[in-house]
1. List the number of the failed condition for Asn112; all other conditions in (1) under 27 Å from Gly237 (Cα atoms); (2) out of contact with any Ser or Thr (no Cβ under 7 Å at 6 or more places or on another chain); (3) near the ligand (Cβ under 10 Å from one of its atoms); (4) open to solvent by 10 Å² or more (accessible area, probe 1.4 Å) hold.
2. Condition first: assigned to a helix (DSSP H, G or I), touching a Ser or Thr at 6+ places or on another chain (Cβ under 7 Å) and among the polar types (S, T, N, Q). Now tell me which residues in the stretch 115-161 satisfy that.
3. Would you confirm, using the coordinates I've provided, whether Gly87 is near the ligand (Cβ under 9 Å from one of its atoms) and either in a loop (DSSP other than H, G, I, E, B) or of a type in the set (Gly, Ala, Ser) (or both)?
4. Can you tell me which residue is nearest to the ligand (Cβ to nearest atom) among those in the stretch 147-185 that are among the aromatic types (Phe, Trp, Tyr) and closer than 19 Å to Ala79 by Cβ?
5. Take Ala77 and decide whether it is in contact with a helix residue (DSSP H, G or I) (Cβ under 7 Å, 6 or more places away or on another chain) and in contact (Cβ under 8 Å) with a residue 12 or more places away in the chain.
6. Looking at (1) exposed (fewer than 15 other Cβ atoms within 10 Å of the Cβ); (2) in contact with a helix residue (DSSP H, G or I) (Cβ under 6 Å, 6 or more places away or on another chain); (3) of a type in the set (Gly, Ala, Ser), which one does Gly154 not meet, given that it meets all the others?
7. Out of the stretch 25-41, which residues are near the ligand (Cβ under 8 Å from one of its atoms) and open to solvent by less than 60 Å² (accessible area, probe 1.4 Å)?
8. From the residues in the stretch 174-194 that are over 15 Å from the mean Cα position of the chain (by Cα) and open to solvent by less than 60 Å² (accessible area, probe 1.4 Å), which one is farthest from Val100 (Cα to Cα)?
Amino acid sequence: MYAFEIERPSTIADAAKALKGDDAQALSGGQTLIPTLKARLAAPETLVSLTDIPEMVGICDGDDGSLCIGGATTHAAVAAGAGRYAGLAALAANIGDPAVRNRGTIGGSLANNDPSACYPSAALASGATIITNTREIAADDYFQGMFETALNEGEIVTEVRFPVPEASHYEKFVQPASRFALVGVFVAKFADGVRVAVTGASEGGVHRWTAAEESLSANFSADALTDLTVPADGLIGDLHGTPEYRAHLVKVMTGRAVNAAF
Ligand SMILES: Cc1cc2nc3c(=O)[nH]c(=O)nc-3n(C[C@H](O)[C@H](O)[C@H](O)COP(=O)(O)OP(=O)(O)OC[C@H]3O[C@@H](n4cnc5c(N)ncnc54)[C@H](O)[C@@H]3O)c2cc1C
């Protein structure tokens, strides 16, 4: 690990100012960033810790019925406190292991946008809004590919606003070594339709399965998926599974998520 300075601001405004400095980078739970630094794959001069900023920690109810989660809220806190959105709380409770859940944050996960991470599928399937220190970004515009987001340099994910569906479930086929999703599918049923988001499967990162959304909006039952096929084109092929295997898993995980959402 290279030497670095660390700053611990207590307001979003001070954090944003610190991140404008030369070669400064945000640090939240450090579950991704610290191993990267240890491997000397990054060498920021200054880390700006976001976890001491009270306005970025916690869960509250929005005026519109949504669930608002501060960007520096840990996975463990979401698992314990997001019970009104059961599918989301269960997703958080199944991330990694206790150490990861007690340090890792929702803002860090969404900023990193690992193609196998769990939260991106919840945000996309929920039609969530990613709130930063400068603007609000719809989840449909936020995720732009593997490890790619709409965030600008130094922009901070301060909060995530989740519309709460009538029924939801996240079904994850766990990659046993990492606990990330080999394939994960989040299904969210709202009064005006169903949204389905898939993580772990595509070379383009998290994405919606619109054919399933149409079928499930007409008939919210795993039977509605029977005639659908998932093309293997563009899906990830690696030592853990071929594109065809992942295509198969997408359909199976979606059916299980629908069954469990009831
Ligand atoms: C063993 C292990 C198992 C895991 N299993 C899973 C799993 O099953 N599912 C899953 O989804 N994830 C899993 N993770 C990842 C974990 O969820 C981390 O929380 C996540 O990768 C990053 O969150 P963090 O708060 O630790 O961010 P950090 O590591 O601190 O930061 C990650 C990146 O995001 C940037 N950043 C951090 N916070 C913000 C912010 N608020 N605004 C803007 N940029 C920011 C940083 O500059 C850095 O580039 C696992 C990690 C480990 C080590």
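The values are calculated or read from the model by the stated rules, or taken from the named source; none is laboratory data. What you see is a predicted model; the values in this text were computed from it and never measured. Neighbour counts are summed over all protein chains in view; Cβ atoms, including those assigned to glycine, are modelled from backbone coordinates with ideal geometry. Heads up: the accessible areas ignore ligands, DNA and RNA and are worked out on the full protein's heavy atoms, side chains in. Shrake-Rupley method; radii C 1.70, N 1.55, O 1.52, S 1.80 Å.
1. With (1) under 27 Å from Gly237 (Cα atoms); (2) out of contact with any Ser or Thr (no Cβ under 7 Å at 6 or more places or on another chain); (3) near the ligand (Cβ under 10 Å from one of its atoms); (4) open to solvent by 10 Å² or more (accessible area, probe 1.4 Å) applied to Asn112, the lone miss is (2).
2. The answer is Ser121, and nothing else.
3. Numbers: near the ligand (Cβ under 9 Å from one of its atoms): no; either in a loop (DSSP other than H, G, I, E, B) or of a type in the set (Gly, Ala, Ser) (or both): yes.
It is false that Gly87 is near the ligand (Cβ under 9 Å from one of its atoms) and either in a loop (DSSP other than H, G, I, E, B) or of a type in the set (Gly, Ala, Ser) (or both).
4. Applying the first criterion (among the aromatic types (Phe, Trp, Tyr)) to the stretch 147-185 yields 147, 162, 170, 173, 180.
Filter again for closer than 19 Å to Ala79 by Cβ, leaving 162, 170, 180.
Details: Phe162: 16, Tyr170: 10, Phe180: 5 Å.
Per the stated criteria, the residue is Phe180.
5. Working: in contact with a helix residue (DSSP H, G or I) (Cβ under 7 Å, 6 or more places away or on another chain): no; in contact (Cβ under 8 Å) with a residue 12 or more places away in the chain: yes.
Answer is no for this residue.
6. Going through the list (1) exposed (fewer than 15 other Cβ atoms within 10 Å of the Cβ); (2) in contact with a helix residue (DSSP H, G or I) (Cβ under 6 Å, 6 or more places away or on another chain); (3) of a type in the set (Gly, Ala, Ser), Gly154 breaks only (1).
7. We begin by selecting, within the stretch 25-41, every residue near the ligand (Cβ under 8 Å from one of its atoms); these are 25-36.
Selection gives Ala26, Leu27, Ser28, Gly29, Gly30, Leu33, Ile34, Thr36.
8. The first filter runs over the stretch 174-194 and keeps only residues over 15 Å from the mean Cα position of the chain (by Cα), leaving 174-178, 189-194.
Within this subset, residues satisfying the condition of being open to solvent by less than 60 Å² (accessible area, probe 1.4 Å) are 174-175, 178, 189-190, 193-194.
Numbers: Val174: 15, Gln175: 16, Ser178: 11, Lys189: 29, Phe190: 31, Gly193: 34, Val194: 31 Å.
Filtering first and then ranking leaves Gly193.
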